Every structure is written in structure tokens, then in C-alpha cells.
1. Summarise the partner chain shielding of A:229-237 as one whole number: the mean count of Cβ atoms from other chains within 10 Å of each residue's Cβ.
2. Between rounded, prolate and oblate, where does region A:96-166 land on the alpha carbon gyration tensor, with a ≥ b ≥ c its root eigenvalues, rounded for a/c under 1.5, else prolate if a/b exceeds b/c?
3. Multiplying the sequence separation of residue B:436 and residue B:658 by 0.36 nm and subtracting their Cα-Cα distance, what value in nm do you get?
4. Over region B:151-320, what lengths in whole Å, largest first, do the semi-axes of the equivalent ellipsoid take, defined as the square roots of 5 times the eigenvalues of the alpha-carbon gyration tensor?
5. Using only Cα atoms, find the angle between the long axis of helix B:2-29 and the longest principal axis of chain B, and express it within 0 to 90 degrees, rounded to the nearest 10.
6. Using a basic spin-label model with each label point 7 Å from the Cα along Cα→Cβ, how many nm lie between residue B:648 and residue B:634?
7. Quantify how strongly other chains surround peptide A:96-105 by giving the mean number of their Cβ atoms within 10 Å of each of its Cβ atoms.
8. Give the Rg/Rh ratio for region B:473-656, taking Rg as the radius of gyration of the Cα atoms and Rh as the Kirkwood radius, to two decimals.
């Protein structure tokens, strides 16, 4: 049960995170202004923040006792001058992989990503959309506590990236991602069907590659999420993610994004009925 | 002449030759042997006899001597049996002597011819007999004497008699200490004339005279100083009439029993001595033993042990017979049988310890005891009479005359008085009327015994019923102890006196009602009369047992609910959040049970605390639980559809049990 005291703690935590995000945002804008004014080569420049909307569907489909098929589909929109968040098509993002969960506290996944980048404003010199393939693998550790869980995720992506400019070459690069998140149930003592939970989520994405010179910090994502576990098979989440990172234009130029995210998570068991019987005691 | 002489010589020669041949034949076949022999299958000894063989059979012929000497175990006494006499073609013949000695060797002894000879003291029974063709014939003598240091000292008794062709004839004399007998037999071996027995009674000499006329008992009297004291034999006929049935009977028990039965003492209240019956019975015994002693040593048949035929015919008596009618025969059998049954019932009653216990509770037992006690009081007299009338001798007496001598000295007291539970109670009992001595007969006696038997049997039937009740009461006592124990157990369980960890909310909900119900049931039982308690104890025990079982069943409810919760929960691993997640399956069924059906059943349990409905409700719960477990594993889509918006417990139950 969510006690009054607990609710206050969660509320305070959420407020703190938002305050931090707001503060960071204000700082970035301030820095941009001061950089512009000073024209100081050493000063960082922060571009005007963009607003986006990512709609995601995450599926984890059980294939056998310990093997799963992981699939993600993102439908991403970008702002336009006229519309924030949802103005134009940005990307369709497909991530698939085979997940291996040997214990309740660890999983490893590997697979491929096919990202379609759209350029609604492409001119003749540019392509209307490009494809960015990736190979990825990730490793998740969980830390169960009495009232919440902590997750550590290491994700490595090896990608072939190019620009919209026609004739541009694919450049190979690597992404090194670490994510820390918590899932804190709000109205239930543990994560279970019917539970609303809050998930503070921070991810640092670093990148390397032949084209990466002074911009290794690709993205820092701060993503406080509220989610609801409808049943063991379906979870819904929503949140406003703030990201910032060095741009490919120059290492001192930072971008900022506010991304509205709505995700739905499906967990389905594709095994035959008889194989599901020992499911409950599988990890015991 | 010469021719005649020659003929006579030839005849003589032939006779001599024939005689010689016969003598030679016997001489060559006659044999003599000494060997071990067992007489009468019990007396082992050594026999020496002469015999010849005929067709491989041993034919005793000539001298016969037998001696058996045996030491009596664990004593110094020696017993010997001796026979000495002659056989003629397997028949006892000539002089014979049988001797039985009981000897004790003295300490002095002497040696002669390498033999150690002891002197002895002891007693000898000796029969000096004479036989002809295996039958007693001639003078006989029986002597019983003692001896000291191997020399005769005292003669205890002597008997002398004559026999002819096995029959006792002529005079017989016998002497036993101061008592002597002198009597006569006819040529037919029948007692005749005066049989005089000299007695020494109270230091006075009496002569008892029994007068017979050709075997018929004529008179019986004592003589003292020329004074005659007649013994009256009532019912014993002295005069032979042609229309009457008269029989010769042997020297056996029956005859002397007839004398004893009919002997009613001295006539005219003349009593020279009081012990008349004792004296005459002693004479009877002496007379009997005297006559039998020619053939018997105690129970040992002296002469029958040597040959298969009777060597002696004992003296005969002639007596009138009063034959029983068929009805009397049946009545006599009935009297004996029913009297024995009455005695058995009385013995059983007075030896049964439960009677004393039962008297405290059952009033009738006190009355029965009084009644049966009166029957027990009269029983010895009745048994005595039965003992008399069932004697074979009773058929030889005039019963109409003799019955008047047997008075039943008893009268039933029809007023029964006893104390029951400190209260003095008087009741009446209808006893059979006792026939007076003038009307006593086999028929009347039979009626009396029959009525007694009927009365006693009826009482016994009721007594047996009461005893059965008593046994049931004893069983009841054990059951009541169990009932009390169960009631206390119910109280302890439902008041949770022992702080049982299984005591739960369901116990608590009904505890007070259960305790009150158990106490009330117990109180109701206690108030019942004993007869109804017998009917109620088992149902009450079963009821209390159900209540105790109910406690266990109620204890099990949380486990069952947990089990249902478990079987109606599916747990699966959520790989997104990486936790096991449980969810309710068949939620509509589970909720219908959890929210409506189970509470309704528990309300039933609480509201119907009695022996039948209470356990029925719990059974209902058990059935529903089992059904719920079954449904958890079945395709229930149709049931779930029907349960939509259903809140009525009965309707839910119907749907679940479809």
C-alpha cells in the first residue's frame, strides 16, 4: 500500500528531478546566450531546444525457458515551426534482438536495428529518407530492493551512419550507452498488475568512430517516467524526456531536446501451453 | 466156556488198550507253565497253572496258582492278591482260596536259603470257596482278619454260607464285631424265615428280626428282653395277591432302598432307641456287604476275573411292583428336569453380584429377590422329595400310602416386604399353593414344580431384561464419561483455552454459539430418564464428535482459501520489469466464490449450529471448495459467462455445480 509518507517521498523526488531538468535547461539557454555574446571559442554553445514525440511499442516474446525475442518499434515525430513535438515525421525505428535471461537479475540481448530517418524538408541535394543500420547488444542487471528496483543497462551499438546529402558515405561508428533507472511502485508494495510506478531514468550515450573527434558525448537523457502495469503482459508508460549532447557540427555546440514519450510494453509467451506449466517456478 | 474166556480176554485187552490210549493222549497234551499274568487288566503277577491245548486254545485244567505282590508307592505297605485252586476244562472246580493282603513288613527279618524273610503285620480278606462246573457249590467262608508278626490276631468278620448250583441255600451266618446275622435261604435261593441280626445298641443287646416268607418281607421288629418293637414299613406290601404285580429282585441297591423308603420307624410310638433308621440302614449295608462279599472284594470282582460267567446268584427277594403309568413317567421326568432348571435359575440369581447393584435402581429386583428367596428356602425339601421319587425303588412302594409321610414343612408368605430407596414397600405375590401331605402325589407334585418353574422362569426373564439393562447402564456409564470428555473438549477448543495457533476468525464467529449448543445438548441429555438415555447417548456422542470435527474443519478453512487463491492465480515472469507477476485467473468465478458464495455458506454455518445442519453446511463448504479446485483446471468460459453480474449465492452455486 502506498502510504501518505511514501507518496510524499515520491512526489518530492519527482519535483526534484523536474527542478533539475528545468535548471539544466535554463543553464543551457543561458550558456548559449553568453557564448553568443562573448564569441568565446572555449565557451559551449547550446542550440535552441527541439521538441519531439516518440511513440514506442516494446515487445518481449518468450520463445523458450530462457530465450526471448525482443522487438521495438518507434514512431518519432519532430517539431515544425508550426507545431511543437508532432510537426513532422522524423524516424521509424526498428530494433530487434534475441534476449537471453539466465537469471531474474540479468539479461543479455543482441540483434539489429534498422532506423529510417525522414527528411520532410529535403531539397534536391538531399535524400528524403535514409536508412541507418545498427548492430546492437545490451546487458541489464537489476538490483531488487524491498520497495523498488534499480536497473543498470549497458548497450552497445555499432552503426553505419550517413547524412541526408546525396552521395554521402556511410560512416561506421560505435555508441556506448549506460543507463540507470529505478522503478518505484506508487500504489502497490511491489511491481505487480495494477501498480503505478515512477521511474527515474538517466542514460549517458557516448560515441566513437572515425568521424567523432570532439563530440564523444552524444546524448545525456533524463527521463522521468510514470507507468502503469495493466497486467503481467502489458505496461504503459509516459514521460517527458530531456536530452542534451554534443553535436556533430562541433564539440562545443550542444543540442537540447524535450521529447514526449508514450510507450506500451507487451510481454507474450509464445511457448506451447504445456511448456508454460513450470513457469512460476522457473527461476526458483 | 473156553470160547467165552477167550472173548472176555479179548474184550479186556481192548479196554486196557483204549484206556491206555486215552491216558497217553492226555499225558502227551497236558502241560504246565509258570509265567507273568495280568488279571482284570490291573493286577500284575505270576501264574502257575496246568492246561492243555485244544484247537490252539489254552484250556485251564488242573492246578492254578496266582500271586501278585506289589509295594504301594511312597509307603512301606505291600499289597498281594493270591488265588489258589483247580480248573477242570476251564471251569473253576473244587476248593479255591482267594486272599487279599495288605501288609507292612516289620523291622525284624531272618535269612533262609539265601532269602531274607520279613515278618509282617496287616489285614487279610480271604474267601474259601467251592465250585462245581464253575458255579458256587458247597460251603463257603469269607474271613477278614488282622495279623501281627505274620500270625492271625483278630477276626473282623466271618461269613459262612452254602451254595448249590450257584444259589445261596440253607443257613447263612455272619459276624461283624458285635453284630451277627443269621438267616436262611430256600432251595431256590430266596430269603425265608427269620433273619436275625444281633445288635449292641447303647450297651444293650437287641435282636433285629426280618421275617421273610419265600422272599416276601413279612415283618420287621426288634426284640429286647422278650419285648417286641415292630418297625412299620409303610407302602411295602406284605401279602401276595394274584391280581398284583410281584417280582423277584436281586440283592442290589433297589431292594434295600425299598426298605429304607418304607421304614417309618417303630409302631405305636414305642421307641427302644432313637436311631432306628440309622440302625436298620446299618443292617441293610451289613447284609448287603455280607452277601456280596462272596464275590466282591470292594469293587474287585473276585471270580469274574477268572472266568466269564457268574459263579454266584445272590439271594432273591420278592416285592410288589406299582408300575408307573405313562403319564407318571412323563411327570417324573418333567419334575426332575424343571426342578433342575428352577435350581439353576435360583443359583444364577443369588450368585450374580449385579443383583445387589440392580436392587438400588430397579424396585422389582427387590421383590424378585424376596420371592426367589422363598423358593430357595423350600428347594432343599423339594430336592429331597425328588431324590426319593426318582429312585428306582419308588416303583416298588405304594405311593398313595407313602406320600403322606412326606410333608412339605414350608409355607409361602405371599406378602413381599422390602425396602427400596429408603422406602418400606409391601406387595403381594401369587405363589403356587403347596399340596398337603394327604394330597401329595406325582401329579400334584408335578403341578407344584411346574407352577414354580413358570413363576421362576417369568421372574428370571424379567431379571435377565433388568440385567441386560444394567449392562447397558454400565455401557452407558462409559459412554457418559466419553460424552462429558467430549463436551469439555468442545468447550476448551472453542474458547481457545489452549491458545491454539489454528484458532481463527471462523472459529471465533461461531465459538459462543457452539459452546452454548453443546452445553444445552448435554443438559437436555442429563435430564432424560435412563431408558431414553440409552437411545440418546449415541446420537449425542456423534453430535459432539461432529462439533469436534467441525473445529478441525474450520481450522482448515484458511488453508483452503489460500489454496484457492493459489490455484486461481497465475504467476508469470515479466521480462520487461524482470519480476514474477501474479494475476488472478478466472476472476469471475473466484470473485463469485469469494464475495458471495463463501460468505453465504459461512452465514449458514453460523446460523445453523445443530447436529445435522451444522455439519451439512460444513460439508457444503467442503464440496464447494473441491468444485472450485476442479474448476480452476477446466475450461470455464461458459460458467464465467453465466456468472456475469450474478450476486445471488444460490444461483452462483447452481452455475458452479452445473
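Bear in mind that the values in this text are calculations on the coordinates, not laboratory data. Please read these numbers as outputs of a predicted model, since none were measured by experiment. Positions of Cβ are backbone-derived with ideal geometry, glycine not excepted, and every protein chain shown enters the neighbour counts.
1. Working: counts 5, 1, 5, 12, 5, 2, 4, 0, 1.
If you average over the peptide's residues, the count of other-chain Cβ atoms is 4.
2. prolate
3. Here the segment from residue B:436 to residue B:658 would lengthen by 71.1 nm.
4. Over the Cα atoms of region B:151-320, the semi-axes work out to 26, 22, 13 Å.
5. 30
6. Spacing of the two 7 Å Cα→Cβ label points: 2.2 nm.
7. 1
8. Reported Rg/Rh (Cα atoms, Kirkwood Rh): 1.12.
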